[in-house]
Amino acid sequence: MSISAQFVSLLAMMGTGIIAGAFMDMLGTGIANTGKASIIRKSAIWLETLGWLLAGCFAFAVLFVFRDGAWRMYDPLAQLSGLLLYATVFHKPFRLLGRIIIAVLIRPILFVFRILFWFIRYIFRVIQAIILLVFRPFQFIYNRFFRYHFKKKPK
């Protein structure tokens, strides 16, 4: 393996460390922003364990692409340096990018879903009001003539 190929694989492993740091930061922030009694908060340990497993699988997939899965001694150090590089340099830009994505993509999509839900609920309420309006005379007749015949009469 040439020096340039080793350098590229070292950069790739540092990149997996940066991506793992960003992924775990995103997961931790998402868990921290849930309610205190939510199911997500209660299963935080399992979610973070699953997150680390996914990050490890991603690192192995990158290792498999660049070196056919051959593991070297400097790979954990490269990943650790990638994690530390994320914590010192890339933490604030990634958070800014996450806030921009939330403001530009996620909130408008949620807004559209809320409007659709409100519209469907409004249509069902209108249909319910029409049905109640149609059956109101029958309800009056039932209450007037038949309702009290099924009750016990006082002695």
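The values are calculated or read from the model by the stated rules, or taken from the named source; none is laboratory data. Here the structure is a predicted model, which means the values were calculated and not measured. Glycine also receives a Cβ, built like all others from the backbone with ideal geometry; neighbour counts cover every protein chain displayed. Note: accessible area is taken over every heavy atom of the protein model, side chains too, but ligands, DNA and RNA are not part of it. Shrake-Rupley method; radii C 1.70, N 1.55, O 1.52, S 1.80 Å.
For this structure, a couple of remarks:
- Flag: Leu133 does not match the condition of being open to solvent by 80 Å² or more (accessible area, probe 1.4 Å) and closer than 30 Å to Ala20 by Cβ.
- Number of the exception - Thr16 against (1) modelled with pLDDT of 90 or more; (2) outside any helix (DSSP H, G or I): (2)
- Qualifying residues in region 31-75 (those that are among the β-branched types (Val, Ile, Thr) and within 16 Å of Ile19 (Cβ to Cβ)) - the one farthest from the chain's Cα centre (by Cα): Val65
- Candidate set from region 29-43 (those that are touching a helix residue (DSSP H, G or I) at 6+ places or on another chain (Cβ under 7 Å) and in a helix (DSSP H, G or I)); member that is least open to solvent (accessible area, probe 1.4 Å): Ile31
- Test set (1) surrounded by 13 or more Cβ atoms within 10 Å (Cβ to Cβ); (2) assigned to a helix (DSSP H, G or I); (3) at pLDDT below 90; (4) more than 16 Å from the chain's Cα centre (by Cα) - Ser4 fails condition number: (1)
- Within region 32-59, tally of residues that are of a type in the set (A, V, I, L, M) and within 24 Å of Gln79 (Cα to Cα): 8
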